[in-house]
Every structure is written in structure tokens, then in C-alpha cells.
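Here's the structure we're looking at; comments come further down.
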Amino acid sequence: MVTYFDDYANLCFEKFGDRVKHWITFNDPWSVAKKGYETGRHAPGLKLRGTGAYTAAHHIIKSHAKVWRSYHKAWRKKQHGLVGISLTCNWGEPVDITNPEDVEAAERYMQFCLGWFANPIYAGDYPQAMKDYIGRKSTEQGLGMSRLPVFSIHEKNDIKGTFDFLGLGHFTTRYITQKNHPSRQGPSYQNDRDVAELVDPNWPDLGSNWPQLVPWGFRRLLNFVQTQYGNPVIYVTENGVSEKLNHIQLCDEWRIQYLKGYINEMLKEPLLHHMQMVTEIVVPTVCTLCILISAVLLMFLLRKQS
């Protein structure tokens with residue numbers, strides 16, 4: 001599959017590289033792996049708990065690296081483009097910042113989400129927390145080796161440094177606390193982490209299925225990425241709030257409140273010169289404002305003529 005994906009990417013570079021200058025190899029691979037091969041909620045709908053997601057992610061990471069190196073070797077000099085990956089992750093905040101177990105659990109939550117894909121690309125291997133917890137639970141479950149695949153030395157060197165930018169998707173925050181999941185419960189991604197996710201009842205309920213309005217979590221995620229991965233160039237590739245349940249009116253003040261809060265957190269110094277909002281947020285917002293201004297001017301002119 002790694003070779004097939006590289007062939008596909010090179011065809012895209014050949015056909016569109018004269019116009020496309022920013023390439024994302026994979027968008028939200030966490031969902032692809034977990035929901036496609038662990039829970040079965042997404043295609044291909046497999047429920048290979050405790051193994052499928054890790055195997056899929058392993059090949060996604062190797063595919064990304066091969067494509068980045070293909071572009072760097074064969075296309076960059078003549079097309080002058082950039083290649084990255086887009087990772088989506090909530091922010092994990094410790095329930096009690098004075099409790100070392102909660103602090104460690106929140107760090108582990110981030111490593112099992114963002115670090116799962118970012119750490120190999122930026123540092124050459126999976127986060128130590130993933131290797132330790134999955135390895136220990138695999139042993140306790142009577143397995144001869146860890147359920148987390150292993151990169152060879154050659155693969156580690158080949159994967160490390162394969163980025164020009166990091167795409168970042170973010171929607172909400174969860175409070176995290178330590179919760180031990182006995183190995184006898186069976187292998188699963190959820191159990192491997194030994195964490196529990198909580199929602200603060202005081203966070204504004206947006207009336208949708210799952211996201212809460214927690215703008216400060218976005219800021220902390222951005223700072224986490226900067227400190228963890230050497231201050232990379234970041235493109236915010238996903239952010240926003242889904243439609244309210246059973247809502248049919250066009251007035252979406254909750255969405256305005258959400259976008260305003262998250263954009264303001266992103267714009268705070270010193271991150272401003274590192275951040276670039278892409279079309280999913282900036283362009284729709286600007287277009288909406290232009291339409292509103294045009295409508296007001298039109299109404300003014302019509303009233304003046306009458």
C-alpha cells in the first residue's frame with residue numbers, strides 16, 4: 001500500500017504540481033485509523049480492536065514519509081511546493097493540575113492522539129508513552145510482542161524530518177484523569193491509554209452532538225505543538241462547529257461566538273507570525289462579512305431612491 005500511495009501521489013504531482021503548491025498527504029489519520037480499523041464507524045468498517053488502528057497508522061506514517069521524500073527528490077526544485085500532514089486532536093487538560101497522575105494522564109492522552117503521528121515524523125519513533133503502555137498491556141495479555149508495530153532503524157531515519165509544515169485540526173477540549181483499565185478487559189485503543197475523558201458542565205453547550213466551546217484549549221494545543229515539535233509552521237486546516245440538532249433557522253450566533261473565540265486565541269502573541277488560517281475559516285468569514293456589508297449598502301441605496 002505504501003508503494004501504491006506513492007504512485008498515486010506522484011501522478012498528482014505530475015498533473016497538478018504546476019498549480020498546487022501546498023500538499024497534505026493525509027487529513028486526520030487518527031480518525032482513519034481508529035474509526036476505520038478499531039471501532040468500525042468509518043470505512044472500511046473493521047473492528048480489529050487493539051491491533052487494526054495501530055497497523056493502519058503504521059502504514060499511513062510510512063506512506064506519508066515516502067511521498068514527502070518523492071516530492072523532495074523529484075518535484076520540489078521545479079515546482080517549489082510544500083508537503084505536510086494534517087493531524088486532528090482535542091486538547092487534554094488535567095482535571096487536577098496539582099495531581100501528578102492527572103498531569104501524566106493528560107500528557108499521555110496527547111501522545112496517544114497527536115503524538116501517535118507527529119512524533120515519528122518529527123522525532124523518528126512513536127511516543128515513549130505509547131510504547132510503554134501498549135507493550136506492558138500486550139505482555140499482560142499473554143502476547144509475545146507488543147501490539148504496537150516497530151519501525152526499523154532504516155524506517156526511523158527515513159520518516160524523521162518528513163515535513164514542511166504541520167496541518168492542525170481542532171474542535172474542543174476534554175478534562176483528563178487517570179483511570180486504570182485492567183488488561184483482562186481485552187486489547188483496545190481506549191484501554192491502552194488508561195485515561196478517562198470528562199466535560200465541564202459549565203462549558204457552553206452549542207447544541208450539537210459533541211463539541212463544547214473551550215477556546216483556551218486551542219491556545220494550549222498550539223503552544224504544545226510549538227514546544228513539542230520544534231516550532232513548526234502550522235496551518236489550521238480544520239476548526240468550526242457543526243449544526244445544532246433540529247435547527248432550521250439561518251441565524252447561527254453560536255457559530256459566530258465559537259469562531260470568534262477560537263480565532264482570538266490563535267491570534268494572541270507570540271503565535272501570530274507562525275500561524276496561517278486557511279480557507280475553511282478565513283475565506284468563509286470574510287465572504288460573509290462582505291455579503292452583509294453589501295446587503296446593508298443595497299438597503300441604504302433603495303431607501304434613498306424611494
Next item on the list: List every residue pair whose Cβ atoms lie under 9 Å apart, where the two residues are 6 or more positions apart in sequence or sit on different chains, the first residue falls within region 208-236 and is farther than 18 Å from Asn264 by Cβ and in contact (Cβ under 8 Å) with a residue 12 or more places away in the chain, and the second residue, located anywhere, is surrounded by fewer than 15 Cβ atoms within 10 Å (Cβ to Cβ) and charged (D, E, K, R).
Entry: Ser208/Glu243
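Yes/no per residue for (1) touching a His at 6+ places or on another chain (Cβ under 9 Å); (2) modelled with pLDDT under 95:
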position	(1), (2)
Asn209	no, yes
Phe218	yes, no
Phe224	no, no
Glu243	no, yes
Ile248	no, yes
Cys251	no, yes
His273	no, yes
Glu280	no, yes
Check: From the list Thr139, Thr88, Thr172, which one is closer than 30 Å to Phe16 by Cα and polar (S, T, N, Q)?
Finding: Thr88
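Residue-wise test of (1) touching a residue at least 40 places away in the same chain (Cβ under 8 Å); (2) on the phi > 0 side of the Ramachandran plot.
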residue: Phe13; (1), (2): yes, no
residue: Asp28; (1), (2): yes, yes
residue: Ser31; (1), (2): yes, no
residue: Arg41; (1), (2): no, no
residue: Gly52; (1), (2): no, no
residue: Lys66; (1), (2): yes, no
residue: Gly84; (1), (2): yes, no
Check: If only one of Val67, Val103, Val83, Val95 is under 17 Å from the mean Cα position of the chain (by Cα) and β-branched (Val, Ile, Thr), which one is it?
Finding: Val83
Next item on the list: Go through the residues of region 179-196 one by one and say whether even a single one is under 24 Å from Val225 (Cβ atoms) and over 21 Å from the mean Cα position of the chain (by Cα).
Entry: no
Note to self: Out of the residues in region 27-51 meeting the condition of being among the aliphatic types (A, V, I, L, M) and outside any loop (DSSP other than H, G, I, E, B), tell me which one is surrounded by the most Cβ atoms within 10 Å (Cβ to Cβ).
What the structure shows: Ala33
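Would you say Ile97 is in contact with a helix residue (DSSP H, G or I) (Cβ under 8 Å, 6 or more places away or on another chain) and free of Cβ contacts under 8 Å to residues at least 24 places away in the same chain?
When the stated conditions are applied, Ile97 passes them.
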Margin query: So Ser183 ticks every box in (1) polar (S, T, N, Q); (2) out of contact with any Lys or Arg (no Cβ under 8 Å at 6 or more places or on another chain); (3) over 25 Å from Pro201 (Cβ atoms) but one. Which box is left unticked?
Written below: (2)
Notebook entry, point to check: Do we find a residue being of a type outside the set (S, T, N, Q), open to solvent by 20 Å² or more (accessible area, probe 1.4 Å) and either touching an Asp or Glu at 6+ places or on another chain (Cβ under 6 Å) or under 30 Å from Tyr262 (Cα atoms) (or both) anywhere in region 64-81?
Noted result: yes
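Being open to solvent by 50 Å² or more (accessible area, probe 1.4 Å), touching a Ser or Thr at 6+ places or on another chain (Cβ under 9 Å), closer than 26 Å to Arg220 by Cβ and part of a loop (DSSP other than H, G, I, E, B): is that true of Trp203 here?
Numbers: open to solvent by 50 Å² or more (accessible area, probe 1.4 Å): no; touching a Ser or Thr at 6+ places or on another chain (Cβ under 9 Å): yes; closer than 26 Å to Arg220 by Cβ: yes; part of a loop (DSSP other than H, G, I, E, B): yes.
No, not satisfied.
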Notebook entry, point to check: For region 144-192, which residues satisfy the criterion of being open to solvent by 80 Å² or more (accessible area, probe 1.4 Å) and outside any helix (DSSP H, G or I)?
Noted result: Gly144, Met145, Val150, Lys160, Lys179, Asn180
Checklist line | Single condition Ser86 does not satisfy, out of (1) in contact with a helix residue (DSSP H, G or I) (Cβ under 8 Å, 6 or more places away or on another chain); (2) closer than 25 Å to Tyr262 by Cβ | finding: (1)
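What number of residues within region 100-141 satisfy the criterion of being of a type in the set (Phe, Trp, Tyr) and either more than 20 Å from Gln190 (Cβ to Cβ) or outside any helix (DSSP H, G or I) (or both)?
Pass one, region 100-141, residues of a type in the set (Phe, Trp, Tyr): 109, 112, 116-117, 122, 126, 133.
Among the residues that remain, those that are also either more than 20 Å from Gln190 (Cβ to Cβ) or outside any helix (DSSP H, G or I) (or both) are: 122, 126.
Qualifying residue count, region 100-141: 2.
Test of understanding: among Ile61, Ile24, Ile97, which residue is outside any helix (DSSP H, G or I) and out of contact with any Gly (no Cβ under 9 Å at 6 or more places or on another chain)?
Numbers: Ile61 fails: outside any helix (DSSP H, G or I); Ile24 fails: out of contact with any Gly (no Cβ under 9 Å at 6 or more places or on another chain).
Exactly one of Ile61, Ile24, Ile97 is outside any helix (DSSP H, G or I) and out of contact with any Gly (no Cβ under 9 Å at 6 or more places or on another chain), namely Ile97.
The values are calculated or read from the model by the stated rules, or taken from the named source; none is laboratory data. Since this is a predicted model, take the numbers as computed values, not measurements. Using ideal geometry, Cβ is built from the backbone for each residue, glycine included, and neighbour counts are taken over all protein chains shown. SASA here: full protein model, heavy atoms, side chains in, ligands and nucleic acids out. Shrake-Rupley method; radii C 1.70, N 1.55, O 1.52, S 1.80 Å.
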